Amino acid sequence: MNIETLLQSTLNWLMTEGVRVVVSLLLFWLFCKILDVLTRKTENRIHTDKVDANVRHLLAVWLRRIIKFLVFVCLLGYWGIQTTGISAAIASVGLTIGLALQGSLSNLAGGVLIIVLHPFHVGDYVDIEGVSGTVVDIELFNTTLTTPDNKQIIIPNGVCSNQTVINYSRLPTRRNDLVFSISYSEDHNRAKAVILSVMEENEKILQEPAPFVNIKEHGANSIDILARYWTQSSDFWEVHWYMLEKVKEAFDANGIEIPYPQLDLHVRDGVLTVEQPKGGPDAG
C-alpha cells in the first residue's frame, strides 16, 4: 500500500466514520461538562446534618465517574467496538463488591425501606427485637435509639426492616391492664368500687372505651382484680404510676387488706412439710 492509497483511505474514513467519532466525542465532552455542573449545584444545595460534607462530596465525585464510565462504554458500542468483555468485567467486579459488602448493602436497603414505608418516625417509642427506646435518628445504614435510662443504642437498618417492630407511639391511644390483689376476707365489690373511683378522679383516663374492673383470678393467697383502662399514648406512663400509687392509698384509706404470700407448715412424726394454703375465705 503506497502513501497515496493510505491517505485516500484515511480521508475516506474521516469523511464517513471519522465524522461520527468526532461528533460523538464532542457530545460526550459536552455531556461530562453538563454533568459536572449539575452534580456540583445539587451537592451545594443539599445541606443535611445526617451526612458529613466530605462524605457528600465523595459520593458526588464517584457518582459522576460511574455515570461517565457507563456512557463511555455505550459510546464504544456505538463505534462498533465489542463491549462484551467490558460488561463481563463490570459484572464480575460488581458481584465481588456486592459479596464483600453484603451486610452493608442489606442495611442500606433497610434504610431505604424505612424512609419509604415509615414504620416509625423520629420521636416514636419502639421495641425492635427486645430493644426498646425512643427513636432519635434514622440514617441510611442504622437507626439510633435512646433508652429511658439515657443509653444510646444503634441498630442496623437491616434488623429494623426484617425483624418485628412494635411502635408504641403510632396509634393515639393505648390500653393498660393492672392487677390488684385483695384478701379473701375482703368484699371484692367494695374493692372494685374503690378502684373505679380512683379511675374517675383522673381526667386522663378515657371514658370511651369505658374503664373495666372485675375479678381476674382466684389466687393461692388472694383475689386478683383486673383494672383495664385506655389513655392517650403520651399519657400512658403517667397514668400507670398514678394508678399504682392512688389505688394503694385508697385501699389503705378504706381498710382493704392487700395480702402477703403465705405458707402452711406441718410437722408430722418429726418431719416438716411446707404447703401452699388453699384458696378461699378461710385460707391461712
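Please treat every number below as a calculation from the coordinates, not as lab data. Since the structure is predicted, the reported quantities are computational estimates derived from the model, not experimental observations. When we count neighbours, we look across all protein chains shown, and the Cβ atoms used for this are built from the backbone with ideal geometry, even at glycine.
Worth pointing out:
- Placing pseudo-labels 7 Å out from each Cα toward the beta carbon at Leu108 and Gln152 gives an inter-label distance of 2.4 nm.
- Amide H contacts of Gly219 (H built 1.01 Å from N, under 5 Å, at least 5 apart or other chain): Asp224
- Linear extension gain, Val61 paired with Cys32, 0.36 nm per residue minus alpha-carbon span: 9.2 nm
- Computed from the C-beta positions of Asn254 and Ile115, the FRET efficiency with R₀ = 51 Å rounds to 0.40.
- With Rh defined as the Kirkwood radius, the inverse of the mean 1/r over Cα pairs, the Rg/Rh of the range 173-253 is 0.96.
- Within the shell of other residues whose beta carbon sits under 12 angstrom from the beta carbon of Cys32, the net charge comes to +3, with Lys and Arg scored +1 and Asp and Glu -1.
- Counted charge near Pro172, where neighbours are those whose Cβ lies closer than 14 Å (Asp, Glu -1; Lys, Arg +1): +1
- Hz values of 3J(HN,Hα) by residue in the range 221-227 - Karplus curve (6.51, -1.76, 1.60), Gly and Pro given as x: 10, 7, 8, 9, 10, 8, 10
- Spacing of the two label points (7 Å from each Cα toward its C-beta) at Lys41 and His188, in nm: 7.6
- For the range 98-235, alpha-carbon Rg relative to the globular expectation (2.2 N^0.38 Å, N residues): 1.48
- Charge tally in the Cβ shell below 10 Å around Pro209, where Lys, Arg are +1 and Asp, Glu are -1, Pro209 excluded: +1
- Gyration tensor (Cα) of the range 120-167, equivalent ellipsoid semi-axes in angstrom: 15, 12, 10
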